[in-house]
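The values are calculated or read from the model by the stated rules, or taken from the named source; none is laboratory data. These numbers were taken from a predicted model, which means no experiment stands behind them. A quick note on method: Cβ atoms are made from the backbone with ideal geometry, for glycine too, and the neighbour counts reach across all protein chains shown. Areas reflect the complete protein model, heavy atoms only, side chains present, ligands, DNA and RNA absent. Shrake-Rupley method; radii C 1.70, N 1.55, O 1.52, S 1.80 Å.
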Amino acid sequence: MPDLAAAFNIARWEAGRRAVYEANENSARGRPYLDSVDIQMGKPLHDQSIDLELGRADIVELGPSELLRQTAGRRVWSSSPVRVMALLFSPRFSARFEDARIREALALAVDRPAIHSVLMQRQGEVSGALLPQWISGYAFVFPTASDAARARTLLADLPQGQRTLSLGVEDAADRPIAERIALNARYAGLAVSVIPQAANADVRLVQARVGSADPARALASLAAAFGLPEPPHADSADGLEAAERALIEGFRVVPLIHLPDVYGVSPRVKGGPGITPLGEWHFENLWIAESRSGEGGRP
Amino acid sequence: MTFRTRLMLVFTVAVVAAVAVVELLVASRTREAFESVEAQRVRALVDQVHRDFARRGLEIVQAVEGIASSETAVSIAIAPDYGRFVDEAAAQSAAHGLDLLELVAGDGAIVSSAQWPARFAFKEDWLAGGGDWKARGAFLKREELPTGFVLALVAVSQTRAGDRTLYVAGGQQLDREFLSTLAMPAGMRVLLYRNLDAQFSPGEIIDASGPVAHAAALRPLIDQVRNSRREADSTLGSGAEAETLHALPLLGYENNLLGVLMFASSRRELVSLEASLLQTGIVVAAAGIVVGIGLSWWATARVTRPVRQLAESAGRVAAGNWGTTVEVSSADEIGQLARAFNRMTHELVAQRERLVQAERVAAWRELARRLAHELKNPLFPLQITVENMQRARERYPGQFDEVFREGTATLLAELDKLKQIVGRFSDFAKMPAPEMQPVDFNKLVSETMKLFDPQLAQARIAGRAELDPRLRPVQADQEQMTRVLRNLVLNAIDAMPQGGALTIRTMAMQTGALPAGVRMAVSDTGQGLTPEECARLFTPYYTTKTHGTGLGLAIVQSVVSDHHGRIWVESEPGKGASFWIELGSDGDR
């Protein structure tokens with residue numbers, strides 16, 4: 001997440017495509033080493049990875065697949081798990097099927113470890129909680145193991161018509177995860193079809209960013225992001241856990257994995273790391289080993 | 001129907017039947033030959049498909065073994081974490097032209113699946129228990145895909161690296177594309193039933209162009225193969241749309257029935273051939289019938305001509321021309337028949353002449369007897385009278401004149417009787433030809449009955465006339481017919497010396513819708529006649545009475561015969577007699 005305002009001034013903005021920042025000569029923490037930062041937006045991760053390999057970019061975002069293809073010795077910056085990937089049942093679906101057994105069955109069917117180890121290439125953490133372990137400290141108490149047998153038991157009494165639902169996934173990069181969830185659901189007795197139109201889906205595969213390292217604020221931001229009721233304020237860990245448990249109790253949101261922000265970094269980039277545990281960018285201490293036009297230079 | 005027509009019909013039917021039999025035989029043999037060739041063709045195709053399967057299987061085995069022996073497979077096998085190879089199967093399957101490919105770890109967990117990428121980490125336990133996959137080669141397998149089950153030709157190979165094992169299971173789907181690669185001769189197609197469900201599913205029947213229309217019709221054949229697991233044949237449809245199907249089971253590596261491959265051979269060619277044969281047969285049959293009719297016309301003419309001549313000659317014999325003979329033109333059965341006919345007519349003529357001669361002699365004898373009898377009666381008084389006159393002249397001269405006067409009177413009376421007798425004989429001999437004119441027989445009968453009323457009353461006979469009002473005048477000689485009727489009435493009166501009843505009936509005879517003659521009966525209630533008497537009754541000079549010349553009924557018969565009529569008598573002893581006369585339109589002749 002760009003957080004360059006302290007050391008850089010915005011010089012050019014093309015919504016959704018490009019942003020150019022220039023060094024703030026009057027920065028309170030001193031002028032940054034880089035003269036400017038040119039940010040290309042909306043590029044697929046695969047293309048970004050190629051740009052990095054070809055030297056057309058110095059810092060790119062990496063997905064699990066791109067992470068596999070990183071050249072040996074390439075530097076990778078990774079934040080703490082700051083994004084939660086979850087299944088979010090739409091209010092429309094909840095209106096159709098008030099019976100929570102379907103939602104619970106889907107939650108039980110998902111094989112989180114397989115997704116984490118294979119599709120996410122072990123990035124982040126498997127979790128049944130909204131807040132990451134490193135923020136809340138109690139995330140491990142939320143169950144993550146799949147239980148297809150119990151899921152089938154829950155669905156046993158339901159008519160076949162209620163066992164069919166659509167899973168929307170807007171980001172094509174997440175489609176393999178959705179397909180795997182659909183496969184897990186199939187063996188649990190649910191007919192899940194993956195569709196790209198998330199708006200019309202019964203359940204969506206979504207990600208939400210943890211906005212703060214403060215547990216209470218982070219939980220509140222996540223609840224807001226998922227459209228859940230605002231949790232009560234809690235000062236203690238127990239209170240916070242109870243509030244979080246209350247949020248996910250009805251399985252309207254099913255946390256799956258907490259993911260970090262991962263960036264591939266060109267060898268030319270010196271200094272850093274340029275991101276914080278929360279994934280914020282701090283480029284003021286970075287410099288480029290070789291001068292390249294338009295992208296900054298040696299301090 | 002004439003004999004010749006029947007003979008021609010027999011010949012024609014024989015020709016048509018022979019042609020039909022030949023046509024049937026040719027059609028039957030043609031069908032047998034076609035089906036034999038068809039069976040050979042299907043067998044050759046089955047062998048070809050088996051070879052094709054073997055070739056495809058070998059290609060799949062080679063591809064799978066190629067993957068298994070690659071460095072990539074070794075890398076995967078020894079990798080501590082299989083997660084980074086989740087997309088490897090898709091890349092390898094594309095590179096080796098496989099529809100299906102799974103890389104499976106030694107514990108059976110899927111490392112990577114090309115056909116279902118999301119199935120990583122699922123277990124494929126069947127691989128561990130499959131034994132020597134290399135020896136097994138390619139085999140059929142029911143494979144589950146996200147879209148459902150498919151039938152595939154699969155091979156398995158193993159990569160061993162130290163104590164690590166990686167299974168490589170790859171293959172190709174048996175689908176529409178697969179079927180389209182099988183070269184089928186014209187008029188044939190190959191169909192595949194994928195036996196993927198427990199129940200018959202018509203949607204699983206495909207050919208090279210996709211799902212098959214009217215697939216449900218194939219169910220009996222498929223069920224037969226599913227039950228027996230053996231090859232089976234069937235014919236579906238009718239006419240040119242019919243197809244002969246040969247089905248063979250496709251078994252999986254566990255000897256389970258996974259599919260039924262069917263070779264459908266159109267019978268259009270056979271139907272076309274049969275139609276052509278039928279058309280030719282009809283033309284040949286028509287020509288045969290025409291030739292047969294011609295030949296039978298000629299043959300029957302040769303056979304029936306002498307028969308017809310015989311029939312005509314027999315007709316002439318029946319008409320009285322007993323001397324008719326036929327020409328003997330051959331030595332065969334017909335010739336023998338003609339010779340026998342000629343002998344028969346010759347014998348008939350000879351016998352008739354002998355009979356006529358005998359009858360003539362008998363008639364003359366009867367005539368002599370009758371003449372002697374008739375003449376003897378008046379001659380005896382003549383002789384007595386003359387002797388009396390002689391005696392009177394010698395012994396009583398004074399009384400001679402008176403005796404002479406009485407004697408001459410007696411002589412004249414007896415001479416008159418002799419004259420009458422001679423006259424009657426003369427009349428019979430001189431019967432004139434009838435002079436035809438319309439005669440009202442009802443009137444004739446009435447007048448005759450009226451004439452005989454006193455005589456009937458004296459004889460205590462009740463006379464009655466039953467006349468048909470429909471009767472119209474009939475051509476006849478009125479005088480002769482009056483004589484006929486009187487003779488019959490007199491004959492009836494003589495037959496009833498103790499009295500009785502006399503009935504005369506007239507009836508109009510019909511020819512078509514119009515009256516054309518008269519039938520007349522004179523019946524009495526006398527003693528009747530024996531059959532022998534009936535037979536001789538119309539013989540001249542024959543009589544059952546003590547008086548009479550025996551010419552009355554002979555004259556009646558003669559008159560009726562001259563009118564081309566017919567007379568007969570019906571009688572039984574003690575039940576009277578009826579004399580019937582028929583005069584028809586022939587009387588006009």
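Observations, loosely collected:
- Spacing of the two label points (7 Å from each Cα toward its C-beta) at residue B:348 and residue B:307, in nm: 2.0
- Filtered trypsin sites (Lys or Arg not before Pro), the range A:1-56: DSSP coil and at most 11 other beta carbons within 10 Å: A:17, A:29
- Equivalent-ellipsoid semi-axes of the protein assembly as shown, from the Cα gyration tensor, Å, largest first: 146, 34, 23
- Take each residue in B:79-86, count the other chain C-beta atoms within 10 Å of its C-beta, and the mean is 5.
- Using a cutoff of 8 angstrom between alpha carbon atoms and counting only pairs six or more residues apart, the relative contact order for chain B works out to 8 percent.
- When restricted to Cα atoms, the range B:1-99 yields an Rg and a Dmax of 34.4, 110 Å, respectively.
- Three-way shape label, the range A:130-281, alpha-carbon gyration tensor, a/c 1.5: oblate
- When only Cα pairs below 8 angstrom with a gap of at least 6 residues are kept, the range A:1-135 shows a relative contact order of 15 percent.
- Neighbour-limited loop hits for trypsin sites (Lys or Arg not before Pro), the range B:186-268 (at most 10 other Cβ within 10 Å; DSSP other than H, G, I, E, B): B:230
- Shown is the FRET efficiency for residue B:216 and residue A:152, computed with R0 = 45 Å from the Cβ-Cβ distance and rounded to the nearest 0.05: 0.85.
- Against chain A, whose longest principal axis is taken from its Cα atoms, helix A:100-109 shows a tilt of about 60°.
- Relative contact order (%) - the range B:18-146, alpha-carbon pairs under 8 angstrom, separation at least six: 17
- Antiparallel bridge percentage (DSSP; both residues within the protein assembly as shown; nearest 5): 90
- Backbone geometry of the range B:371-387 corresponds, through the Karplus equation with coefficients 6.51, -1.76 and 1.60 at θ = phi - 60°, to 3J(HN,Hα) couplings of 4, 5, 5, 5, 7, 5, 4, x, 5, 4, x, 5, 5, 4, 5, 4, 5 Hz, x marking Gly and Pro.
- Only Lys, Arg (+1) and Asp, Glu (-1) charged, at Cβ; chain B dipole about Cα centre in debye: 3000
- Treating r as the C-beta distance of residue A:199 and residue A:238 and R0 as 41 Å, the FRET efficiency rounds to 0.60.
- Hydrodynamic radius of the range B:288-434 per Kirkwood, over alpha carbon pairs, in Å: 21.9
- Rounded accessible area of residue A:186 (nearest 10 Å², 1.4 Å probe): 90
- Angle of helix A:215-225 to the longest C-alpha principal axis of chain A, folded into 0 to 90 degrees and rounded to 10: 70°.
- For the range A:17-173, the percent of C-alpha pairs falling in each 10 Å distance bin, counted from 0 to the bin holding the largest distance, reads 8, 25, 28, 21, 12, 5, 1.
- Per-residue extension of 0.36 nm, minus the Cα-Cα distance of residue B:198 and residue B:132, leaves a gain of 20.9 nm for this segment.
- For the range B:79-142: span of alpha carbons on each principal axis (Å, largest first): 31, 27, 21
- Each Lys and Arg contributes +1 and each Asp and Glu -1, all at the Cβ; summed about the Cα centre of the range B:387-439, the dipole is approximately 120 debye.
- Dipole axis of the protein assembly as shown (+1 Lys, Arg; -1 Asp, Glu on Cβ), positive-most option in B:413, B:398, B:5: B:398
- Nearest-0.05 FRET efficiency for residue B:177 and residue A:12, computed from C-beta distance (R0 56 Å): 0.60
- The Rg/Rh ratio for the range A:69-158, using Cα coordinates for both the radius of gyration and the Kirkwood hydrodynamic radius, is 1.07.
- Peptide A:182-188 - average C-beta neighbours from other chains (10 Å radius): 2
- Pairs of alpha carbons in chain A separated by more than 32 Å make up 34% of all such pairs.
- Helix-only arithmetic for chain B: the sum of -39500 (n - 2.57) across DSSP H runs with n ≥ 4, divided by the residue total, places the mean residue ellipticity at 222 nm at -17500 deg cm²/dmol.
- Where a label projected 7 Å from the Cα of residue B:377 along Cα→Cβ would reach, residues of the range B:410-442 with amide N under 18 Å: B:410-428
- Furthest towards positive pole of dipole, A:231, A:203, A:181, structure part chain A, Cβ charges: A:181
- Across chain B, counting alpha-carbon atoms alone, Rg and Dmax equal 59.2, 200 Å.
- Range in chain B, longest, excluding exposed GluC sites (Glu not before Pro) [loop by DSSP; at most 14 other beta-carbon atoms within 10 Å]: B:1-253
- The convex hull around the C-alpha trace of the range B:419-518, projected and averaged over every direction, spans 7.9 square nanometres.
- Every helix of 4 or more DSSP H residues in chain A counts as -39500 (n - 2.57), and over all residues that averages to -7500 deg cm²/dmol at 222 nm.
- Karplus 3J(HN,Hα) series, Hz, for the range B:505-510 with 6.51 cos²θ - 1.76 cosθ + 1.60 (x for Gly, Pro): 10, 10, 9, 7, 8, 9
- Placing +1 on the Cβ of every Lys and Arg and -1 on the Cβ of every Asp and Glu, with no other charges, gives the protein assembly as shown a dipole of roughly 3780 debye about its Cα centre.
- Amide proton proximity set for residue B:242, modelled H, under 5 Å, gap of 5+: B:267
- Label-point separation, residue B:109 to residue A:134 (7 Å along Cα→Cβ), nm: 2.6
- Amide H contacts for residue B:140 (H built 1.01 Å from N in the peptide plane; partners 5 or more residues away or on another chain; cut-off under 5 Å): B:154, B:253.
- When you filter the trypsin sites (Lys or Arg not before Pro) in the range B:413-467 for DSSP loop state and at most 15 other Cβ atoms inside 10 Å of their Cβ, you are left with B:430, B:460.
- Of B:363, B:338, B:325, farthest towards positive along the dipole that unit charges on Lys, Arg, Asp, Glu beta carbons give the range B:304-373: B:363
- Gained length - residue A:145 relative to residue A:27, 0.36 nm times residue gap less alpha-carbon distance: 37.5 nm
- Residue B:112 long-range amide H proximity, modeled H, under 5 Å: B:103
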